[in-house]
Amino acid sequence: MTDIKNLKGVGEKTAALFQKLNIFTAEELVSYYPRDYEQFLEPVSLEEAQDGELTAVEGRIAGNVATRHVRGLSITTFQAVCEGKTLHLTYFNMPYLKNSLKRDICYVFRGCLHRRKDRFVMEQAGIYKTEEYGKLTGRMQPRYSTTKGLTNNAITKAVRQAMGLVDLSADPLPSNIREKEGFPGLAEAIEQMHFPEDREKLLAARSRLVFDEFFRFILILRRMREENERAESVCPMIEVAQTKRLIEALPYRLTNAQQRVWKEIEADMASGYAMNRLVQGDVGSGKTILAFLALLMCAANGCQGAMMAPTEVLARQHYESLVKLNQTYGLQIHPVLLTGSVTAKDRREIYAKIESGEADVVIGTHALIQEKVVYKSLALVITDEQHRFGVRQRESLAGKGAGTGEQEKAVHVLVMSATPIPRTLAIILYGDLHISVLDELPADRLPIKNCVVDTSYRNTAYKFIEKEVGQGRQVYVICPMVEEGESTELEDVGSYAKKLRSALPETVRIGTLHGRMRPAQKTKIMEDFEARNIDVLVSTTVIEVGINVPNATVMMVENAERFGLAQLHQLRGRVGRGEQQSYCIFVSKSNRPQTMERLKILNESNDGFYIAGKDLSLRGPGDLFGIRQSGDLQFALGDIYRDAAILQRASEWADQVLSEDKDLSGQEYALLRESLLKAEINEVDFRSI
């Protein structure tokens, strides 16, 4: 491995910035692919430009460049004349433009163009001198996710250097697969991903690298399925009266889907063999009560059950809900909560209770799989939002079960997911698990009211947000970017929070949240939102899982056109969790009819599986320039909706390879086997092969 500091111009300070992006070596930098690409097209006239599209127009500045300040936000405005038509330009927090722009000089303005009645408008458009823009025309420039202090230009230069240092000559993908699929070699694919000659070569490179991710992931799943099938349970169980009594005592009736899935879980746990089951269901479909019933059955059989959640906030919410059930219905279980923020003294006490068996239900985060946690009789492992952990972490927790020295015995594994993955894909992605689907919502659940609008609706939306906050409700606003400067067309959390502060009354408390914050900081913000200390939370998609706030009734998603439908549905699952009517506002910067029609599918249905199916049919492999889906096992490049066809082919090839050479011991698979031993794709432990 080549330390990132070996690159020219990368000292201690710059290396620390790269490390914020989890890049420590040149090899990791080479695998840090662009999030999208700048495509510099020829300037067009304002009349030719499409409303809501990224456009370049050429014009001369007319009149004065004016800057005003509104509640700490500087707003710079001016006009440019483009072939006799006037373009109105607005910039936020860029007061220096007043001194740097010259009247009557010709510039190219590149940004999202909007027609508002008889006005042409651009906000935060890129500004280029004519000759400067001419050099960029027709080229595709990589755009990387950045962090404060590290520019896209600096990353691009570093990647070019790294490409010359890293040896990419050994290609682990067998040559017969490359030839039959028409894939480029590894070195060419990586080169074209970073610096594409044209769109066709970029798409070919991406297809190859996405195939690699899926292929290697599926190979290990096939092996795991073979090892797990018909493994005996470490703790033989029987059906118990306690679960039946709880079901009868609940103040609501389980839906038919819940009853069906509970029978499947109960039968698995009483079969004598280890359960490996995935329960898929939309937010609000009732997965958690099924998890609690499984934990209760496990404890009533004298064994321990553990439930791992992706965030401390969600783990605590699960724990508090279970404690309340325990007290209300006298369940006679002894739950404990184990998370990273538990004090050292309390942690020692919890460890002792787990090891002695006094604690028969353990709820927590990644802390559950630390070496110091010793279980007396772990027999059931439940992971909530499985894709947030990766396969290896799930296996690590399952590996703590009693009797793991006996290879033929294993713990029950129950995976819960609200990600609406169509069954055809779920069978491939969760190849080691049996699948149950909760396809029914409780009858008393109020459906979310949705609207799809363009940016002209923003002021109306702000007034609606103000009204909801005035009634004691809370609001999420989702932006695709973290920081200003990552993209001129996309809204970022930092700038948007400032914009909201100027648009909403000072009494409205606004917080921000994104994935680059430290875990403790993220937890504190989510806890503040849950405790109603924040009224409006401006966030990236990091809130997609891990927080349950029934008081939140509004979600507003900016740049909705850049997300997949399945992810937008997953996001709106953060609202509609309480008794009050909830609303979701999808704001699109593009007014193209096909874009708006796609988004309006969210108005048609609140059924995640219907929407996922639509997403599957609408997002093809050529649809490259969008925000990646999440909830898809966190592949570096692959998107299970956009790349469904590649996923299917990777699955077919994995089956063929393993049928020919179960242990990958043949010479033609030597490099593939070696790459699996080194890799940590999705945290799968390939050393088990």
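Convex hull volume per residue, computed on the Cα atoms of segment 138-281, equals 268 Å³. Taken about its Cα centre, segment 449-605 carries a charge dipole of about 180 debye when Lys and Arg each add +1 at the Cβ and Asp and Glu each add -1 at the Cβ.
Put simply, the amide H of residue 273, placed in the peptide plane, has neighbours under 5 Å in 233, leaving out anything fewer than 5 places away on its chain.
With q set to 0.13, 0.15 Å⁻¹, the log10 of I(q)/I(0) for segment 227-438, from the Debye formula over equal scatterers at the Cα positions, is -0.67, -0.92. Shown for segment 41-138: lysine pairs separated by 8 or more places, or found on different chains, whose C-alpha atoms are under 23 Å apart, numbering 7. Helix 199-228 axis versus longest C-alpha principal axis of the chain: approximately 10°, rounded to the nearest ten. In the calculated pair-distance distribution of segment 271-371, the portion above 17 angstrom amounts to 54 percent of the Cα-Cα pairs. A Cβ-based charge dipole, computed about the Cα centre of segment 227-438 with Lys and Arg at +1 and Asp and Glu at -1, lands at about 400 debye.
Modelled spin-label separation between residue 658 and residue 115, with each label point placed 7 Å from Cα along the Cα-to-Cβ direction: 5.5 nm. Out of every Cα-Cα pair that segment 102-168 contains, those further apart than 16 angstrom amount to 69 percent.
Calculated over segment 449-605, the projected area of the Cα convex hull averaged across directions stands at 8.7 nm². Over the chain, the pair-distance histogram of Cα-Cα distances with 10 Å bins from zero comes to 3, 13, 23, 25, 20, 10, 4, 1, 0 percent, rounded to whole numbers. Loop-located trypsin sites (Lys or Arg not before Pro) in segment 43-99 (DSSP state not H, G, I, E or B) with no more than 15 neighbouring Cβ atoms inside 10 Å: 71. The charge dipole of the chain, taken about its Cα centre with unit charges on the Cβ of Lys, Arg, Asp and Glu (plus for the first two, minus for the last two), comes to roughly 2320 debye.
Over segment 227-438, Cα pairs under 8 Å with separation of 6+ residues give a relative contact order of 31 percent. Once you've got the Cα coordinates, tell me which of 324/372; 263/614; 463/498; 5/157; 180/614; 287/600 are over 21 Å apart. Cα-Cα > 21 Å for 324/372; 263/614; 180/614; 287/600; rest within. Converting phi to 3J(HN,Hα) with the Karplus coefficients 6.51, -1.76 and 1.60 and the offset θ = phi - 60°, segment 154-168 yields 5, 5, 4, 4, 5, 5, 4, 5, 4, 4, x, 9, 8, 7, 10 Hz in sequence order, with x at every glycine or proline. Only Cα pairs under 8 Å and 6+ residues apart enter the sum, and on that basis the relative contact order of the chain stands at 14 percent. In segment 576-606, which GluC sites (Glu not before Pro) fall in coil by DSSP and have 16 or fewer other Cβ atoms within 10 Å? For GluC sites (Glu not before Pro) across segment 576-606 that sit outside H, G, I, E and B with at most 16 neighbouring Cβ atoms in 10 Å, the list reads 579. The packing ranking, built from the mean of other Cβ atoms within 10 Å per residue, places the peptides 10-16, 606-612 in the order 606-612, 10-16, highest first.
Centroid-to-centroid, using Cα positions, segment 421-453 and segment 638-655 are 20 Å apart.
Taking θ as phi - 60° and the Karplus parameters 6.51, -1.76 and 1.60, the scalar couplings of segment 363-373 work out to 10, x, 10, 4, 4, 5, 9, 5, 4, 6, 7 Hz in sequence order, x denoting glycine and proline.
Looking at the chain, the DSSP beta bridges with both ends there are about 40 percent antiparallel. Among the cysteines of the chain, those whose beta-carbon sits 4.7 Å or more from every other cysteine beta-carbon are 82, 106, 112, 298, 451, 479, 584. Please report the base-10 log of the normalised intensity I(q)/I(0) for segment 163-209, using a Debye sum with one equal scatterer per alpha carbon and no solvent, at each q in 0.13, 0.25, 0.33 (1/Å). The computed values of log10 I(q)/I(0) come out as -0.27, -0.90, -1.21. Since only 154, 476, 240 are under comparison, the one whose Cα sits farthest along the positive direction of the charge dipole of the chain, derived from C-beta charges on Lys, Arg, Asp and Glu, is 476.
Per residue, the convex hull around the alpha carbon atoms of segment 41-138 comes to 102 Å³. For segment 41-138, the relative contact order is 30 percent, taking Cα pairs closer than 8 Å that sit 6 or more residues apart in sequence and dividing their mean separation by the residue count. The trypsin sites (Lys or Arg not before Pro) of segment 318-387 that meet both conditions, a loop assignment by DSSP and at most 14 other Cβ atoms within 10 Å of the site Cβ, are 372. Only helices enter this figure: runs of n ≥ 4 DSSP H residues, each worth -39500 (n - 2.57), summed and divided by the residues of the chain, yield -11500 deg cm²/dmol at 222 nm to the nearest 500. Per-residue Karplus couplings for segment 562-569, computed as 6.51 cos²θ - 1.76 cosθ + 1.60 with θ equal to phi - 60°, are listed in order as 8, 9, x, 4, 4, 6, 4, 5 Hz, Gly and Pro entered as x.
Here segment 247-302 and segment 64-121 have alpha carbon centers that stand 59 Å from each other.
Each reported figure results from applying straightforward, stated rules to the coordinates on display, with no laboratory input. Remember, predicted model here, so these are calculated numbers, not experimental data. Don't worry about glycine lacking a Cβ; one is built from the backbone with ideal geometry, like all the others, and counts go over all protein chains shown.
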